[in-house]
Structure formats: structure tokens, C-alpha cells
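Bear in mind these aren't lab numbers, they're just calculated from the coordinates by the rules spelled out. Being a predicted model, the structure only gives us computed values, none of them experimental. Cβ sites come from the backbone with ideal geometry, for glycine too, and all protein chains shown count toward neighbours.
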Amino acid sequence: MNDYSTAFTLLFAALLVLGLLTKFYLASRQIRHVARHRDQVPAAFAATITLASHQKAAGYTIAKARLGLLEMAFSAAVLLGWTLLGGIDLLNRAIMNSALADYGSLWPQLALLAAFGLINGLLDLPFTLYSTFRLEERFGFNKMTFKLWLADLVKSTLLGVVVGLPIVALILWLMGSAGSLWWLWTWVVWMGFNLLALVLFPTVIAPLFNKFKPLDDEDLKERVTALMQRCGFAAKGLFVMDGSKRSAHANAYFTGFGASKRVVFYDTLLKQLNPGEVDAVLAHELGHFKHKHIIKRIVGMFAMSLAGFALLGWLSSQVWFYTGLGVQPNLAGANDALALLLFLMVVPLFTFFISPVMAQFSRRHEFEADAYAVSQTDGRDLQSALLKLYKDNASTLTPDPVFVKFYYSHPPASERLGRMTPSPESATP
């Protein structure tokens, strides 16, 4: 190994350890903070949230955080195994020494990516099964049978093969055939695919996993339609999704892009909220569109992915990038799949410490959407809807402030509701 390779190895190892220690520190803070406040409902919620509900949320939060600690340790070990301990190198050599080793085709590279994805998926299965059938079951949220879970797994795997492999094959072909600016053409293809997926998701992909039926509550439909007209928003339709067959968690969302936009309500949400509260939740989502949050996020994704592809274009030609991560690049064949895999594994280590900035932007957007909802509907409806959702989803009312700043994409309940409640001074004539 040369000096660059050694330096990159040390940097990678340092970021892996520092990131893991930071995640453990944050998760430990969250566990301790929530446990310390589990026996008393915060004063602001004492009239609306029972102690039993508060303690259930605390227990759920702590259980998820503890499972997260195990997942983080395991993921770090797997990453180390794939890289510096030689996992990727061993897998690549096995494929290159097999019957697939036709250096003039994409098959060896596709086989490497497929084998990596399969092994990683198998390694993740125990955590997925435990989370679904033990943790979520324990707190009354899981409604999914093992048969349905298995059907979802088969469908998502087949979807990945049918849709994912051709896209990956095209990317690998561009990496090997489009010259020094391959990363630019690849970025164009990747962004085009993402935009197409936004258009096709509501009508082609989502119905593979859930049933969607038009909203048949005429009074609610009339209220929702009037709200959207008042806000200048047009949608392809209003639909109810059978979310209850998988989980007791509730939600509502917009999906699609351009003319394919549609409003989707979980059936669990409609059971929990009254019409005014549904209006307020929908107005919050409309606030994201009013403030162009969706467009801003797409533009941000475009910019970050362009920078990422440009960086990959440079790193893929640097021998130290491979050797510094415990991989010997192919001498007789292409290294594009290797470069792609290593890049996708390493980038999260470098971007982890900017996640608080991204979370801050997201929380700001949520405050803006809340303010818009309050301006278009009764703010009390939004308050009561949020309280019900926090309660029914067992979201803790007492998260650790540092953990919030690092991870939370949505503001905690106390901050959101605090901004909707006028202070005594503002109410004074």
C-alpha cells in the first residue's frame, strides 16, 4: 500500500469509529432522557395525554433505541468485514474466477452487485423480523402476518430485479463506455429514472403492495375538495389505503408528480381523526406544496447527486481508493461495480456529520407547513390531530434535545404545539 492508500485506510477507520461512538452517545442520551421522564406527563400535555399512554410511548422509544444500538454495532462490523477484512475482495475474486468471468461483458459486475445485495439482505433479515414480529407486536402496532411479510419480500425482490438490474446495467455500461464525462451522463439517467419513478409510483408500484380505493365519505370528500380548491391545489384523486393490514400507525400523504399527484389517507387515520382534524392534517401537507418544499428537496437531491457522481467519477480512477478499503482492483477487467459498491458504503461515513443540518432544514419546513395549516383551517383541529397521532403512534413527548437536533426531521410535540398556542402576552389587548 502506498501513502495515499494508508492515509485513506486510516481516515476510513477513524470515521467509522467516530461515527459509531457518536451514534452510541446520542442513542444513550435518548434512552436515559426518555426513561428519566417516563413517570410524569409533561405539564403542557397533562390534560390530554394519560400517564399510561405516555409510559407506552417511553417504552416504545427506548425499545427501538436499544434495538438501534445493536443494529449500529452490527452494521459497523459488517461494513468492516466487507472492506478492510476483505469481504468485497473475496466475493469479487470468486466471481472473477467463475464461469461468469467474461471480462468483455457486464455479467461479472452485475453478479457482484446482485450477490452483495443478496448477502446484505440476508444479514439484515433477523433485525427486520425482530422489529416487525417482536418489537412492533409487543406495543400493539404490527398487524402483518408472516405470510403477508413474505409476500412483500418476494414482491420487492422481484421489483428490484425487474427494475433495478436494467438501471444498474445501464449505469455500468455508461461508466465503461461514455468516456471521461460518464458521471455526467449517468447522473442524467439517474435523475430521469427518479422522476419517472415519482410519476409511476402511485399507479404502478404502490398498488402492488396495498389496495387503494376512492374516498367514499361524501361529507369528508366535499370538505377536502373545498380545502384543496381554496389552497389552489389539484389532485388526480382522493384515495384510502389499507394501511391497517400491516400496522396500526396512521398517516396521510401526497404522492406522484405533476398531473399524477394524488392524496392518500391511511384507513387508520380516518378512524382516529374527525373531519376537521383530517382537514388540518391535509392542510399541513398542502403547506409543503405551497412553500415549494417538495421542489426544493428534489432540486437539493439533484445537486447532491451530481456532486456525488462527480466525486465517484474521480475516485473510480484512483487505485488508492480500492486498496485503501481492502480491495485489489481487477487488472484484466472493469472495476466499475467495485467502485460503485465501495462508494455507496463509504459515503454515509462522510455525510453522517452533516445530518443535523439536513434535519434542521426539514424541521423548518414542518414549522412552515404547520403555520400554513393554521392559516387555512382551525388551529385547534391541527393541535388535537397531532396529539392523537403522537398518542396513537406512541411518539415520545420527552425526547432528548441533542438527539432531536441530530436526527429529528419533524419537531417534537412540545415545539410544534407551542408555536400554535398564542402566548399570554400576545393575547393581551
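Translational diffusion coefficient, Stokes-Einstein: compute it for the chain using the Kirkwood radius over C-alpha pairs as Rh, at 4 °C and 1.567 mPa s, and state it as an integer in µm² s⁻¹.
Here the translational diffusion coefficient equals 53 µm²/s.
If you take every DSSP beta bridge fully contained in the chain, what fraction is antiparallel? Give it as a percent rounded to 5.
Just about 65 percent of them are antiparallel.
Could you line up Leu106, Leu21 from fewest to most neighbouring Cβ atoms inside 10 Å?
The most exposed by this proxy come first: Leu21, Leu106.
Quick one: Karplus J couplings for the range 287-303, per residue in order, coefficients 6.51, -1.76, 1.60, θ = phi - 60°, nearest Hz, x for Gly and Pro?
Going residue by residue, I get x, 4, 6, 4, 8, 6, 5, 5, 4, 4, 5, 5, 4, x, 5, 4, 5 Hz, with x marking Gly and Pro.
In a GNM of the chain with a 10 Å cut-off on Cα contacts, which of Ile49, Ile119, Ile294 has the highest mean-square fluctuation?
Of Ile49, Ile119, Ile294, the most mobile in the Gaussian network model is Ile119.
For the range 11-23, just list the computed ³J(HN,Hα) in residue order, Karplus coefficients 6.51, -1.76 and 1.60, θ = phi - 60°, integers in Hz, with x standing in for Gly and Pro.
So the Karplus estimates, Gly and Pro as x, are 5, 4, 5, 5, 5, 4, 5, 5, x, 5, 4, 5, 5 Hz.
Strictly over 21 Å apart at the Cα level, which of Lys64/Lys391; Lys236/Lys271; Lys271/Lys292; Lys211/Lys271 would you flag in this model? Don't skip to the answer; put the middle values down first.
Values: Lys64/Lys391 16 Å; Lys236/Lys271 23 Å; Lys271/Lys292 30 Å; Lys211/Lys271 17 Å.
Over 21 Å Cα-Cα: Lys236/Lys271; Lys271/Lys292.
On each of the three principal axes of the Cα atoms of the range 297-408, give max minus min coordinate, whole Å, ordered largest first.
On the principal axes, the range 297-408 reaches 67, 28, 21 Å in Cα extent.
Give the peptides 160-171, 87-98 in descending order of average Cβ contacts within 10 Å, highest first.
Output ranking for 160-171, 87-98: 87-98, 160-171.
Rounded to the nearest 500, what is the 222 nm mean residue ellipticity of the chain from helices alone, with -39500 (n - 2.57) per DSSP H run of 4+ residues and division by all residues?
Mean residue ellipticity, 222 nm, calculated: -21500 deg cm²/dmol.
Please work out the Cα center distance from the range 110-174 to the range 26-75, rounded to the nearest Å.
28
For the range 106-113, what does the Karplus curve 6.51 cos²θ - 1.76 cosθ + 1.60, with θ = phi - 60°, yield as ³J(HN,Hα) per residue in whole Hz, taken in order and with x for Gly and Pro?
Using θ = phi - 60°, the values come out as 8, 4, x, 6, 5, 5, 4, 5 Hz.
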